Amino acid sequence: MSDPNSACVFCKIFRREIVADEVLRTDDALVFRDLNPKAPVHLLVVPRRHADNLGDFVAMAESREVGDLFALASRAGREFAPGGYRVVVNEGLDGGQTVHHLHLHVLGGRRMSWPPG
Ligand code: 5GP
Ligand code: ZN
């Protein structure tokens, strides 16, 4: 248990140690359905590489990796929510983050309200 990320739920999902409803996978990222969906389509876009949050990810990753993650979110949104979608990243306590491995929420399948709660 020397790897600090060995207990991370999204690292486990990436390694398929925890089952998730996967919809897309690349070498560097995974898209799966949220366990507790907040919209008819609620996907999570998760990089293979562990970073606690968006700020840590952009500090450690190549800009290509950041771009690839957004490209995958866009691909997932257009494919699974063709009527439109929203991409959300929560960071920290005020942001409402609960899982400390960077992920992009892709929400769709209904009309979103604004501002978010
Ligand atoms: P956050 O609140 O950190 O932005 O979002 C974490 C999301 O991960 C939540 O929407 C939550 O429902 C989802 N989640 C937490 N644990 C699991 C899990 O084991 N499997 C899946 N598919 N989603 C999870
Ligand atoms: Zn992780």
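Please treat every number below as a calculation from the coordinates, not as lab data. Just so it is clear, the structure is predicted and the values come from calculations on it, not from any experiment. Cβ placement follows ideal geometry from the backbone for every residue including glycine, while neighbour counts extend to all protein chains displayed.
Among the trypsin sites (Lys or Arg not before Pro) within the stretch 21-110, which fall in a DSSP loop and have no more than 14 other Cβ atoms within 10 Å of their own Cβ?
Listed in order of number, the matching sites are K38, R110.
Rounded if a/c is under 1.5, else prolate if a/b beats b/c, else oblate: with a ≥ b ≥ c from the C-alpha gyration tensor eigenvalues square-rooted, which is the stretch 9-96?
Rounded shape, in that the Cα axes give a/c under 1.5.
Angle between the Cα long axis of helix 63-80 and the longest principal axis of the chain, 0 to 90 degrees, nearest 10?
Once rounded, the angle reads 40 degrees.
Need one number: nm distance between label points at T26 and E62, each 7 Å from Cα along Cα→Cβ, rounded to one decimal.
About 1.2 nm, to one decimal.
Given H placed 1.01 Å from N in the peptide plane, which residues other than close sequence neighbours of Y85 have an amide H under 5 Å from its amide H?
none
Just to be sure I follow the definition: excluding the sites themselves, where is the longest run in the chain that has none of the GluC sites (Glu not before Pro) in a DSSP loop with at most 16 other Cβ atoms within 10 Å?
18-61
Out of W114, H103, G67, whose Cα points farthest toward the positive end of the dipole of the chain (charges: +1 Lys, Arg; -1 Asp, Glu; placed on Cβ)?
W114
³J(HN,Hα) across the stretch 34-39 via Karplus (A = 6.51, B = -1.76, C = 1.60, θ = phi - 60°), whole Hz, x for Gly/Pro?
5, 5, 10, x, 9, 7
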